[in-house]
Amino acid sequence: MMRNGTRAVSLDLDNTLVDHSGAVGFAFRTVVDTLAERVDTYAVERRFRAAGARFKAEADRAGLPWWDVREQWAEALDGLNPSEAELDSIAARFTEVMDRSVRPFPDARPALLRLGGLGLPVVVLTNGDGRRQRAKLVRTGLLPLVDAVVASGDLGVHKPHARCFAAAAAAVNVASAELLHAGDDAVHDVRGARAAGVRAVHIRRDHPPSPDSVSDLLALTARLQEGRLRTTPAGQ
Ligand SMILES: [Mg+2]
């Protein structure tokens, strides 16, 4: 089977293999519940989301995949005057609950098994701290189903930087043009991969499929099996 020249698959982690947004929501509610006597939960959530969106935009512009969640909480709790120690403990608890509660999407495990069945090595290419991201893969039971993990925190550059995609291809011993990358972020995953000479598919879970996107990872494996993935060379 030709599979359009694909010899290995690279997958994003957060919001592609695992439900990062769900974990953020759960951790937010867990933390807010401990403050509920004093706060207007709705207003805190609105400010938490607004601060998160602004910090993400700033981080994207700076080429960084993360921001300080303590600062995000400081803005969310604006007007409540939490002490420095309270903010430290809130940020630590939020991060701990978020990492502990992350779940794989239901299609993650069957899709990884199917890719294995197709003889395609899989590398997880994720923006984040290597230790934390590997711990998520262990906790969700997905680590034994992948061949390699490349975390941007270990590289010192983050997606969409081309070096990330080169490192992912090297980790599974294929050329960039033989790698197919799939992820949920249009800039980090799709545009970044194509600029690096890697074919890319956008995972858009709440959208109807298109020639360039699929709704989940099993749709991706089906397209690979049927040879229906776009053959347009990367970067075009
Ligand atoms: Mg992602």
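For this structure, a couple of remarks:
- Qualifying residue in region 39-55 (condition: outside the structural domain of L180 (by TED's automatic domain parsing), part of a loop (DSSP other than H, G, I, E, B) and over 28 Å from V124 (Cβ atoms)): yes
- When V9, V44 are checked against the criterion of being surrounded by 14 or more Cβ atoms within 10 Å (Cβ to Cβ), within 16 Å of the ligand (Cβ to nearest atom) and of a type in the set (A, V, I, L, M), a single residue qualifies: V9.
- Condition met for H188 (over 16 Å from A8 (Cα atoms), without any contact (Cβ under 8 Å) to a residue 40 or more places away in the chain and either within 13 Å of the ligand (Cβ to nearest atom) or surrounded by fewer than 24 Cβ atoms within 10 Å (Cβ to Cβ) (or both)): no
- Among the residues of region 175-185, those identified as more than 10 Å from K159 (Cβ to Cβ) and surrounded by fewer than 24 Cβ atoms within 10 Å (Cβ to Cβ) are A175, S176, A177, E178, D184.
- Looking across T126, T221, one residue alone is away from the ligand (no atom under 13 Å from the Cβ), hydroxyl-bearing (S, T, Y) and touching a residue at least 60 places away in the same chain (Cβ under 8 Å). It is T221.
- The sole residue among A85, A27, A59 that is touching a helix residue (DSSP H, G or I) at 6+ places or on another chain (Cβ under 6 Å) and not in a loop (DSSP other than H, G, I, E, B) is A27.
- Out of V172, V138, V146, one residue alone is surrounded by fewer than 16 Cβ atoms within 10 Å (Cβ to Cβ), more than 15 Å from the ligand (Cβ to nearest atom) and under 22 Å from L113 (Cβ atoms). It is V138.
- Test: residue in region 31-45 that is within 24 Å of the chain's Cα centre (by Cα) and either under 21 Å from H158 (Cβ atoms) or not small (G, A, S) (or both): yes
The values are calculated or read from the model by the stated rules, or taken from the named source; none is laboratory data. Quantities reported herein were computed from a predicted structural model and do not represent experimental measurements. Virtual Cβ from ideal backbone geometry, glycine too; neighbours counted across all protein chains shown.
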